[in-house]
Amino acid sequence: MTKEMQKKIDDRTAKIAIIGLGYVGLPLAVEFGKIFPTIGFDINQPRVDELKSGIDRTLEVDSDNLKSADKLIYGCDLDSIKDADIYIVTVPTPIDKYNTPDLTPLLKSSETVGKTLAKGNIVIYESTVYPGCTEEDCVPVLEKHSGLKFNVDFFCGYSPERINPGDKEHTVTKIKKVTSGSTPEIGKVVDALYNTVIVAGTHLASCLRVAEAAKVIENSQRDINIAFVNELSKIFGLMGIDTLEVLEAAGSKWNFLPFRPGLVGGHCIGVDPYYLTHKAQSLGYHPEIILAGRRINDGMGEHVASEVVKLMIKKGHRVKGAKVLILGITFKENCPDIRNSRAIDVIEELNDYGCAVTVHDPWADAAEVKAEYGVELAPMPADTADIDAVVLAVAHHQFKEFDFSTINRARTVLYDIKSLLGKDVDGRL
């Protein structure tokens, strides 16, 4: 079976099905669709219809690039993927309100694949999971719905996604890819498959669990480092020391890591650590550093709101009914992705203080924001004269171009979460 699959990859005849066409799945489907017969599968019919018409609302793939994938087709039904040789699952792996991993999309996708799985097929997972998830959670579902036996009739791979939404430089083909297989032979086949499209090269891990663990610690490491500088920001704030000046001074040493304080959102850094801690706790180990970092970062929205309120009081504003303008609600700059945006923490906390909060974001989809967070987006005010506070939450290029000198600084508090405006602000992290 291994030799047959390798030959199909070499001949570019292997049929690939990408399950999930979001920020991860679509760019991958497009690249494979340039050289392999590829089916992009998603249960969201409107999403599929838009892609068929050459529109990607995530803005990750432009229309010309979509059209260049001349071997890529789209589908929503099981029949569209029944003849695939290789399935690549790229669905989201979120957490619930208790910060517990929610494997529902992953297991539902495994069920879908299991219903069409055939002998000799390979199922590769890219979704972020805890070590062991592929074999312990996904494989039993595949076996149940296919009637096939793992590592006898079908095989698995794990190749963690490293998509950075909104980044037009580090695109999917330009980021080194970790690969793995459920047997050493399958690992080589999976590695060979990705090497057909990943120009940055690959790193073949020894087994699925190593690849799964590598992914989950990538973002946990970043989360802990950002938590450290967020805590420094709080400490130096109490001391009256400018945090950015301290970090710039410390950064003069060659091996100092250049992290900056801020809100930690998105579908990776603010989520992945909980997958690792969940697994650790299931084994009887309570991870202290990782969870401490999560507590600090999850509390930064409340901290920012508190600082803004204090600054408004110092300028003589009545907090209840105070007009506050929040600039940005996406989780990062120049990207429409609102998943796990922590700007919402600032908004909700200011609402709890009784402030009248207005939110403007030129990148976010108003309907998505309303559905996800219950927040109505507003246009940029033509006049900021009666606004009591402006909070720069996301560094969109439109905000970089905005003339903040038009704001009456004697009256209006200007708080810069992103440290975009230099020192001439009332507050920043």
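The values are calculated or read from the model by the stated rules, or taken from the named source; none is laboratory data. Keep in mind that this is a model prediction, so the values were computed, not measured. Cβ: placed from backbone, ideal geometry, glycine included. Neighbour counts: every protein chain shown. Heads up: the accessible areas ignore ligands, DNA and RNA and are worked out on the full protein's heavy atoms, side chains in. Shrake-Rupley method; radii C 1.70, N 1.55, O 1.52, S 1.80 Å.
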| said: Yes or no: the range 278-293 includes at least one residue that is modelled with pLDDT of 95 or more, farther than 13 Å from E349 by Cβ, polar (S, T, N, Q) and buried (at least 17 other Cβ atoms within 10 Å of the Cβ). | reply: no
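Yes/no per residue for (1) under 14 Å from the mean Cα position of the chain (by Cα); (2) without any contact (Cβ under 8 Å) to a residue 24 or more places away in the chain; (3) farther than 26 Å from L377 by Cα:
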| position | (1), (2), (3) |
| --- | --- |
| V271 | yes, no, no |
| I289 | no, no, yes |
| E302 | no, no, no |
| G316 | no, yes, yes |
| C335 | yes, no, no |
| I344 | no, no, no |
| I347 | no, no, no |
| query | With respect to the numbered conditions (1) assigned to a loop (DSSP other than H, G, I, E, B); (2) closer than 25 Å to Y23 by Cβ; (3) of a type in the set (F, W, Y), which one is the sole condition not fulfilled by Y274? | reply | (1)
| Residue check: is S146 under 27 Å from the mean Cα position of the chain (by Cα), more than 29 Å from V271 (Cβ to Cβ) and among the polar types (S, T, N, Q)? | no
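Of everything in the range 89-136, what is in contact with a Lys or Arg (Cβ under 7 Å, 6 or more places away or on another chain) and at pLDDT below 95? Give them in sequence order.
First pass over the range 89-136, keeping only residues in contact with a Lys or Arg (Cβ under 7 Å, 6 or more places away or on another chain): 114, 116, 128, 130-132.
Across the range 89-136, the qualifying residue is only T128.
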| task | For the range 102-149, name all the residues that are of a type outside the set (V, I, T), open to solvent by less than 20 Å² (accessible area, probe 1.4 Å), touching a residue at least 60 places away in the same chain (Cβ under 8 Å) and in a helix (DSSP H, G or I). | result | S109, C133
| request: Could you list all residues from the range 405-429 that are basic (K, R) and in contact with a helix residue (DSSP H, G or I) (Cβ under 7 Å, 6 or more places away or on another chain)? | output: none
| said: Quick check on the range 416-429: of everything there that is outside any strand (DSSP E or B) and without any contact (Cβ under 8 Å) to a residue 60 or more places away in the chain, which residue is nearest to the chain's Cα centre (by Cα)? | reply: L420
| request: Check whether at least one residue in the range 173-195 is within 16 Å of T128 (Cα to Cα), open to solvent by 30 Å² or more (accessible area, probe 1.4 Å) and not small (G, A, S), and report yes or no. | output: no
| Scanning for something surrounded by 17 or more Cβ atoms within 10 Å (Cβ to Cβ), among the hydrophobic types (A, V, I, L, M, F, W, C) and part of a helix (DSSP H, G or I), does the range 9-20 turn up at least one residue? | yes
| task | Scan the range 252-265 residue by residue and report those that are out of contact with any Phe, Trp or Tyr (no Cβ under 6 Å at 6 or more places or on another chain) and either within 30 Å of I344 (Cβ to Cβ) or open to solvent by less than 40 Å² (accessible area, probe 1.4 Å) (or both). | result | L257, P258, F259, R260, P261, G262, L263, V264
| query | Restricting the range 28-38 to residues that are open to solvent by less than 10 Å² (accessible area, probe 1.4 Å) and not aromatic (F, W, Y), which is farthest from L66 (Cα to Cα)? | reply | T38
| Unmet criterion (only one of (1) basic (K, R); (2) closer than 24 Å to A17 by Cβ; (3) free of Cβ contacts under 8 Å to residues at least 24 places away in the same chain) for K253 | (2)
